[in-house]
Amino acid sequence: MLEVRNLEVVYDDVMLVLRGVSLTVPPGAIVALLGANGAGKTTLLRALSGLLGVHDGEITKGSVTLAGRPIHHLRPAQIVRGGVSQVMEGRRILAELTVEENLRVGAHTAPGEAAANLDRVYGLFPLLKERRRAVSGYLSGGEQQMLAVGRALMAGPSYLLLDEPSLGLAPALVAQIRDLIVEINRQGTTVLLVEQNATMALSIAGHGYVMETGKIVMDKPAAEFLADEDIREFYLGLGAEGAAKSFREVKHYKRRKRWLS
């Protein structure tokens, strides 16, 4: 179980970004975290993976535990060895290295399992195997996203944190990434999915959370989110009758979100 309890995060000693966030990711689940840009989703993932210090962030209150053990004080490599890997927004591949070199970099915390994990990644992403000697910077956006996910899997994580995996991808590739997340989870890896494509995220998640201005404002089973009028309007862009709203209608809300009233 990956648990966050009453977490507060401050940047540069002055900017309070997370305000008492609590969240639970049960083993074997796919959990979706929804929210607008600036809500604090990426900051939460950084807190889980130990990357806050790189961005001058600090946990000032609360805890992150994995299987009951605190991990929020650990360094990133220790957290990865403990079973938590993150795929950051924007892919962050090493563009000048080949596909296979990128993947092997991801295995540096689990060198004894590198061969088995490489076989698993090539089984999930046959295209990467075909292009294993290609320079990564020349891959398409979808191929780079596959590479970023594959590199994280090279550490053999129990928990995979995905930050906007569908960002900038064509609809056909979004569907492909969705199916791959389902398969990764089916193989035994628990997934925390941060995603602005709420329809995609909720279609595969068992449970969902909504974050606003650094706080969790709602959580419930994903199926209930899909039926919730507020979620449909503010995150799925659908009206009461299920019709898609125009950009103007979505951009200029006619009423406040009930949880902010």
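Quick check: anything in segment 97-119 at positive phi, in a loop (DSSP other than H, G, I, E, B) and in the same structural domain as Val194 (by TED's automatic domain parsing)?
First pass over segment 97-119, keeping only residues at positive phi: none.
Checked against the condition, which is being at positive phi, in a loop (DSSP other than H, G, I, E, B) and in the same structural domain as Val194 (by TED's automatic domain parsing), segment 97-119 yields no hits at all.
I need the full set of residues from segment 154-199 which are part of a loop (DSSP other than H, G, I, E, B) and hydrophobic (A, V, I, L, M, F, W, C), in order please. Write out each step before concluding.
Here is the first cut: in segment 154-199, the ones part of a loop (DSSP other than H, G, I, E, B) are 154-158, 164-170, 187-189, 195-197.
Listed by number, the residues that qualify are Met154, Ala155, Leu167, Leu169, Ala170.
Pro27 is checked against (1) in contact with an Asp or Glu (Cβ under 7 Å, 6 or more places away or on another chain); (2) outside any helix (DSSP H, G or I) and fails just one. What number does that condition carry?
(1)
So for segment 88-104 (the condition being surrounded by fewer than 21 Cβ atoms within 10 Å (Cβ to Cβ), under 23 Å from His55 (Cα atoms) and charged (D, E, K, R)), does at least one residue qualify?
Yes, some residue in segment 88-104 is surrounded by fewer than 21 Cβ atoms within 10 Å (Cβ to Cβ), under 23 Å from His55 (Cα atoms) and charged (D, E, K, R).
Is it the case that Ile181 is surrounded by fewer than 23 Cβ atoms within 10 Å (Cβ to Cβ), hydrophobic (A, V, I, L, M, F, W, C) and either within 29 Å of Pro27 (Cβ to Cβ) or within 16 Å of the chain's Cα centre (by Cα) (or both)? Full working, then the answer.
Details: surrounded by fewer than 23 Cβ atoms within 10 Å (Cβ to Cβ): no; hydrophobic (A, V, I, L, M, F, W, C): yes; either within 29 Å of Pro27 (Cβ to Cβ) or within 16 Å of the chain's Cα centre (by Cα) (or both): yes.
Taking the combined requirement at face value, the residue does not satisfy it.
So which residues in segment 185-200 are modelled with pLDDT of 95 or more and either among the small types (Gly, Ala, Ser) or surrounded by fewer than 17 Cβ atoms within 10 Å (Cβ to Cβ) (or both)?
Arg186, Gln187, Gly188
Quick check on segment 92-101. Is at least one of its residues modelled with pLDDT under 95 and either touching a Lys or Arg at 6+ places or on another chain (Cβ under 8 Å) or closer than 30 Å to Met211 by Cα (or both)?
Yes, there is a match, as at least one residue in segment 92-101 is modelled with pLDDT under 95 and either touching a Lys or Arg at 6+ places or on another chain (Cβ under 8 Å) or closer than 30 Å to Met211 by Cα (or both).
Taking segment 208-251, which residues are at pLDDT below 75 and assigned to a loop (DSSP other than H, G, I, E, B)? Before the answer, list the steps.
First, pick out the residues of segment 208-251 that are at pLDDT below 75: 235-251.
Passing the criteria: Tyr235, Leu236, Gly237, Gly239, Ala240, Glu241, Gly242, Ala243, Lys245, Ser246.
The rows are residues; the columns are (1) closer than 29 Å to Leu44 by Cβ; (2) among the aromatic types (Phe, Trp, Tyr); (3) crowded, with 21+ Cβ neighbours inside 10 Å; (4) modelled with pLDDT under 95.
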site	(1), (2), (3), (4)
Glu113	yes, no, no, yes
Ser158	yes, no, no, no
Leu161	yes, no, yes, no
Leu169	yes, no, no, yes
Ala175	yes, no, no, yes
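May I ask you to say which residue of Tyr122, Tyr159, Tyr138 is hydroxyl-bearing (Ser, Thr, Tyr), touching a Gly at 6+ places or on another chain (Cβ under 9 Å) and over 23 Å from Ala29 (Cβ atoms)?
None of the other options fit; the residue is Tyr122.
Can you pull out the residues in segment 185-216 that are in contact with a Lys or Arg (Cβ under 8 Å, 6 or more places away or on another chain) and without any contact (Cβ under 8 Å) to a residue 60 or more places away in the chain? Step through it out loud before you land on a result.
As a first pass, look at segment 185-216 and keep what is in contact with a Lys or Arg (Cβ under 8 Å, 6 or more places away or on another chain): 187, 194, 200, 203-204, 207-208, 211-215.
Matches in segment 185-216: Met200, Ser203.
Could you tell me whether any residue of segment 126-136 is surrounded by 21 or more Cβ atoms within 10 Å (Cβ to Cβ), touching a strand residue (DSSP E or B) at 6+ places or on another chain (Cβ under 8 Å) and either aromatic (Phe, Trp, Tyr) or closer than 26 Å to Ile71 by Cβ (or both)?
Within segment 126-136 (the criterion being surrounded by 21 or more Cβ atoms within 10 Å (Cβ to Cβ), touching a strand residue (DSSP E or B) at 6+ places or on another chain (Cβ under 8 Å) and either aromatic (Phe, Trp, Tyr) or closer than 26 Å to Ile71 by Cβ (or both)), the answer is no, since none of the residues qualifies.
Which ones in segment 137-152 are out of contact with any Ser or Thr (no Cβ under 8 Å at 6 or more places or on another chain) and more than 13 Å from Ser166 (Cβ to Cβ)?
Gly137, Tyr138, Leu139, Ser140, Glu143, Gly150, Arg151
The values are calculated or read from the model by the stated rules, or taken from the named source; none is laboratory data. Because the structure is a prediction, the values reported are computed rather than measured. Every residue, glycine as well, gets a Cβ built from its backbone with ideal geometry; the counts of neighbours run over all protein chains shown.
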